[in-house]
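The values are calculated or read from the model by the stated rules, or taken from the named source; none is laboratory data. These figures come from a predicted structure and were not determined experimentally. Cβ placement follows ideal geometry from the backbone for every residue including glycine, while neighbour counts extend to all protein chains displayed. SASA here: full protein model, heavy atoms, side chains in, ligands and nucleic acids out. Shrake-Rupley method; radii C 1.70, N 1.55, O 1.52, S 1.80 Å.
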Amino acid sequence: MRDQKAVEISRFVSQFEHELLSEKDAWTQNEILILLREVLAEKAQGVKEEKEILEQQLYLLKRQREPVLNKLTEIDRSADRSARRVLWGFASIFVSQFAMIQYGTYLAFSWDIMEPITCGMTLGDVVCGYLFWVWTKRPYSLEGLKEHFFERKKGKLIKKNQVDYDNYEKTEEAIRIIRNRLRELE
């Protein structure tokens, strides 16, 4: 049994016991059934009222976050485009390195001349990867690069557009809590 169900059953039994002990000393079976129905009806009414209040709060919170959500959606799109441009830049650097090595090895020079150049390029790539990892604590991969530049651009755009992101996160948490409570009441 989940904790929430146990709490609800405990409250119900406690209220029923309180009614039983406060009314009179001797009870018939029909009177107990009537009292049980009354306590259940009170409980159902309370749940219905709580559910209506929670649904109103959920509606108001959704309306409150709607303009911010629209702004954040646009910011996410813009940040994604920016991160993709950066990724294409990195990809073009790698492709141009490969093309230069191939051109130098097979057309312009020979492997004897290109070997130290290739070693230098590889060492430069490794140093860039290591510095990226130290700086961002993310892997030097396409996904790590995309995440870093996406988050960075998103933070700048949020600041530029003066979006109250902390308030938005608190609103999202409140919506999550209300939805969980509504699920529990069903």
Worksheet item: Can you list the chymotrypsin sites (Phe, Trp or Tyr not before Pro) in segment 1-93 that are in a DSSP coil and have 16 or fewer other beta carbons within 10 angstrom?
Response: TRP27
Worksheet item: Under 16 Å Cα-Cα from LYS137, which aspartates and glutamates qualify once same-chain neighbours fewer than 8 residues away are excluded?
Response: GLU147, GLU151
Practice prompt. Please compute the net charge surrounding TYR106, taking Lys and Arg as +1 and Asp and Glu as -1 over other residues with Cβ under 15 Å from its Cβ.
Written response: -2
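I need to check one value: relative contact order of the chain, counting alpha carbon pairs closer than 8 Å and at least 6 residues apart, in percent.
The value is 31 percent.
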Worksheet item: Along the charge dipole of segment 100-152, Cβ charges K/R +1 and D/E -1, which of GLY104, PRO116, SER141 sits furthest on the positive end?
Response: SER141
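Probe radius 1.4 Å, ligands and nucleic acids ignored: give me the carbon and sulfur share of the accessible area of segment 39-158 as a rounded percent. Write out the running numbers ahead of the final one.
Numbers: 5410 of 8480 Å².
Of the solvent-accessible surface of segment 39-158, carbon and sulfur hold 64 percent.
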Worksheet item: List the lysines whose alpha-carbon lies under 23 Å from that of LYS160, not counting same-chain residues fewer than 8 positions away?
Response: LYS71, LYS146, LYS170
Worksheet item: Tally Lys and Arg at +1 and Asp and Glu at -1 over the other residues with C-beta under 12 Å from the C-beta of GLU147: what net charge comes out?
Response: +3
Item to complete: Taking every Cα atom in segment 30-127, find the radius of gyration and the maximum pairwise distance Dmax, and write them in Å.
Response: 34.0, 104
Practice prompt. Taking 7 Å along the Cα-to-C-beta vector as the label spot, tell me the LYS71-VAL127 distance in nanometres, rounded to one decimal.
Written response: 4.3 nm
Worksheet item: How much accessible area per residue does the chain have, in Å², with a 1.4 Å probe?
Response: 75 Å²
Fill in: Partners for LYS48 among lysines (Cα-Cα distance below 22 Å; same-chain residues under 8 apart left out)
LYS5, LYS62
Worksheet item: Once fully extended, how much extra length lies between ARG81 and ARG183, figured as 0.36 nm per residue of separation less the alpha-carbon to alpha-carbon distance?
Response: 33.0 nm
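So if R0 is 35 Å, what FRET efficiency would LEU36 and GLU172 give, r being the distance between their Cβ atoms, rounded to the nearest 0.05?
Details: r = 41 Å, r/R0 = 1.17.
That gives a FRET efficiency of 0.30.
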Worksheet entry | For a label point 7 Å along the Cα-to-beta-carbon line of ARG152, residues of segment 103-142 with backbone N under 19 Å | 124-142
Worksheet item: Kyte-Doolittle mean at least 0.0 and Cα extent at least 15 Å along the axis: which DSSP H helices of the chain qualify?
Response: 111-136
Practice prompt. Note the listed values [x] 2.01; [y] 1.00; [z] 1.13, then indicate which one is Cα Rg over 2.2 N^0.38 Å calculated from this particular structure.
Written response: [x]
Practice prompt. Give me the distance in nm between label points sitting 7 Å out from Cα along the Cα-to-Cβ direction at ALA91 and GLN64, one decimal.
Written response: 4.2 nm
